[in-house]
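Computed from the coordinates by the stated procedures, all read-outs in this text should not be read as laboratory data. In this text the structure is predicted, and so the values were computed from the model without any measurement. Neighbour counts are summed over all protein chains in view; Cβ atoms, including those assigned to glycine, are modelled from backbone coordinates with ideal geometry.
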Amino acid sequence: MRAALVTGGTAGIGAATAEALQAAGYRVAANYGGNQQVAEAFTARTGILAFQWNVADLAACEAGVARVQAALGPIDVLVNNAGITRDAVLHKMTAGQWKEVLDVNLGGCFNMCRVVIEGMRERRFGRVINMSSVNGLSGQAGQTNYAASKAGLIGFTKALALEGASRNITANAIAPGYTDTAMVSAVRPEVLDQILKAVPSGRLARPAEIARCVVFLASDEAGFITGITLSINGGKYLA
Ligand code: CAA
């Protein structure tokens, strides 16, 4: 039975992913950044252990992964899902808003991969799945920080795919469209209405629709798929 760790795994796409991996037979742990109440409710509902640390902090990732591995054993599947928005048009964006988003969304992926990669190389198996976004492919007004971080994840994923291939470590990105989560609910309703008009499917994605693709990319059967970006966006952007 393989072990999987999902960052930002107690809510939204991350929670759906942790649950889908559990249903597929993995031993699963979920990392979360701060909302203990949500994490406790998630664990009570699913039985999936939740561990708090900030993925933007390398030392915290090292300590957090050590705790997870003590509970689950070596991490075979890493899902870098933790992500934040600090939306503002560039002429109003602060350096703090830029840095915070890059540190969590892109820096968090580096930190987590750096911590688990040596074990994956030794065991000659690994699955890394990075949660990018349609907005990393298409751009989105108000998201220079977020779009840069999500586009950065795609380049990171391709480079890691090349490094890992000979050791049976795959790295892939998923680029969800607008999904029914708290992150999207935070967008002003009139702005979200406009965005939804540009989705040919005419609706938000369901978190489970993203999660099932993570499970597929994590599977042994997907071992020849590496370095790709899988778009799941209802036709909003055809890369
Ligand atoms: N295209 C082009 N220009 C736009 C624009 C758009 N879609 N939206 C806003 N602008 C321009 C406005 O015309 C305006 O220009 P001027 O100053 O020249 O008049 C300027 O940007 C400021 O616009 P606002 O008055 O709306 O500025 P604001 O500060 O009140 O709000 C904002 C800015 C918070 C970024 C708001 O526009 C917004 O929420 N936009 C949506 C951002 C978005 O889609 N976020 C996705 C979050 S979900 C997510 O990220 C998950 C995922 O992966 C998909």
Per-bin percent of Cα-Cα distances, the range 22-111 [5 Å]: 3, 13, 20, 22, 18, 12, 6, 4, 2, 0
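With the Cα gyration tensor of the range 1-71 in hand, convert its eigenvalues to equivalent ellipsoid semi-axes via √(5λ) and list them largest first in whole Å. Don't skip to the end; give the middle numbers.
Numbers: eigenvalues 63, 42, 19 Å².
After scaling each eigenvalue by five and taking roots: 18, 15, 10 Å.
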For GLY126, distant residues with modelled amide H under 5 Å away: ILE169, THR170
Packing-based ranking, highest mean first, of 157-164, 123-130 given that Cβ atoms within 10 Å are counted: 123-130, 157-164
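Run the dipole for the range 3-231 about the Cα centre, Lys and Arg Cβ at +1, Asp and Glu Cβ at -1, nothing else charged, and hand back the magnitude in debye, nearest 20.
Numbers: 19 positive and 17 negative charges, 38 e Å.
Computed about the Cα centre, the dipole is about 180 debye.
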The chain: radius of gyration and largest Cα-Cα distance (Dmax), Å: 16.8, 51
Mean residue ellipticity (222 nm) of the chain, computed from DSSP H runs ≥ 4 via -39,500 (n - 2.57), nearest 500: -14500 deg cm²/dmol
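With an 8 Å cut-off on Cα pairs and a minimum separation of 6 or more residues, tell me the relative contact order of the range 3-231 in percent. Mind showing how you got there, number by number?
Values: 441 pairs, mean separation 47.4, N = 229.
Dividing the mean separation by the residue count of the range 3-231 yields 21 percent.
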Signed unit charges on C-beta, dipole axis of the chain, positive-most listed residue VAL187, VAL214, ALA23: VAL214
Which of TYR146, TYR237 has the fewest Cβ neighbours within 10 Å, and the rest in rising order: TYR237, TYR146
